[in-house]
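Structure first, then comments.
Only the coordinates and a few stated rules stand behind these numbers; no lab work does. Computed from a prediction, not measured in an experiment: that's the story for all the values here. Cβ placement follows ideal geometry from the backbone for every residue including glycine, while neighbour counts extend to all protein chains displayed.
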Amino acid sequence: MYLAGFYGLKPIRLVLEELLSRYGRRFSTELGIRLEGSDKCEIFKWFIASVLYGARIPVRVASKTYRKFVEKRLTSPEKIIEVGWDRLVEVLDSGGYARYDFKTATKLLEVVSNLEERYCGDLNILHSEASDPRDLEQRIRDLGKGIGNVTVNIFLRELRGVWSKADPLPQNIAIEAAAALGLISGKVGVEEDRLRILNDLKSLWLGNRVEGWDFVDFESALVRYGLEVLRRARGRVASRS
């Protein structure tokens, strides 16, 4: 079932039901991470996964690599610092992350060391010290080089509703998916456009809730749908070459 264009043919609620039915899995839940209790260990696990997802690498490779971290019990700041750079490279390689192994190992050690030094290794403390959503995002970026907007967005998107200050603006891929479905209109030029789109999507959800799901599920579904559309487009280009 291909959803593009459904908005003009079916009620919004039905579009959302079909979108969520197929794509509504949260990335954190799929990895077995439970964020709803704000447990610092679970939040750190999701942070590591978000760093892996933030690279230009297939989702399945990032997911496999995260599971290698779990397998090797590298899911706490202390353990990551303890094993060191060489061991991190080995684990990244074992998950298929070879293209970014050196850079990611270096990034993880820097970020985790700064997290330990500034916030006692607890991302909940980082959140509590942030003054607002944008300051929260900046504090996460300031943990180290290579923590960019994509990683921050991935991390905070699924903490929306868990952390009071987690309210990231939508990623391009989610915006493009929502536009392809006819759920929003207009182009993104400046940050104010993203804020408008976020508010539009929140209003759309409030008026057309699907029982058993929430806004975070809706946003995750848009990202997954956008990734599928992108994969299909790349496949068509490859088949012509």
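Table for the structure above
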item: Pairwise FRET efficiency - Glu110 versus Asn199, Cβ, R0 = 30 Å, nearest 0.05; result: 0.30
item: Relative contact order (percent, whole number), the range 28-157, Cα cutoff 8 Å, 6+ residue spacing; result: 25 percent
item: In degrees, nearest ten, helix 77-94 long axis to first principal axis of the chain (Cα); result: 70 degrees
item: MRE, 222 nm, helices only [DSSP H, n ≥ 4, -39500 (n - 2.57), over the chain, to nearest 500]; result: -20500 deg cm²/dmol
item: Estimated vicinal HN-Hα couplings, Hz - the range 157-162 in sequence order (Karplus 6.51, -1.76, 1.60; Gly, Pro = x); result: 4, 8, 9, 4, x, 9
item: Proportion of all alpha-carbon pairs of the range 119-241 beyond 17 Å (%); result: 62 percent
item: Rg(Cα)/(2.2 N^0.38 Å) for the range 28-157, N = residue count; result: 0.96
item: Using a Förster distance of 41 Å, the FRET efficiency for Ile81-Glu192 (Cβ separation, nearest 0.05); result: 0.55
item: Surrounding net charge for Ala55, when Lys and Arg each add one and Asp and Glu each subtract one, Cβ distance under 10 Å; result: +4
item: Choice from Glu137, Glu110, Glu176 showing the highest fluctuation, given a GNM over the chain with Cα pairs closer than 10 Å; result: Glu110
item: Relative contact order %, the range 62-139, counting alpha carbon pairs below 8 Å whose residues are six or more apart; result: 27 percent
item: Net dipole in debye of the chain [+1 Lys, Arg Cβ; -1 Asp, Glu Cβ; about Cα centre; nearest 20]; result: 1100 debye
item: Other-chain or far-sequence residues with amide H under 5 Å of Arg160's (modelled H); result: none
item: Stokes-Einstein diffusion coefficient of the chain, Kirkwood radius over Cα pairs, 20 °C, 1.002 mPa s, in µm²/s; result: 114 µm²/s
item: Selected from Ile154, Ile57, Ile80 as most flexible by GNM, with the chain as the system and alpha-carbon contacts under 10 Å; result: Ile57
item: Full-stretch length increase - Glu117, Asp132 - with 0.36 nm per residue and alpha-carbon distance subtracted; result: 3.2 nm
item: GluC sites (Glu not before Pro) within the range 1-97, DSSP loop, no more than 14 other Cβ atoms inside 10 Å; result: Glu36
item: Packing-based exposure ordering (other Cβ within 10 Å, fewest first) of Asp101, Asp214; result: Asp214, Asp101
item: Most fluctuating residue given options Ser220, Ser203, Ser28, as computed from a GNM of the chain linking Cα atoms under 10 Å; result: Ser203
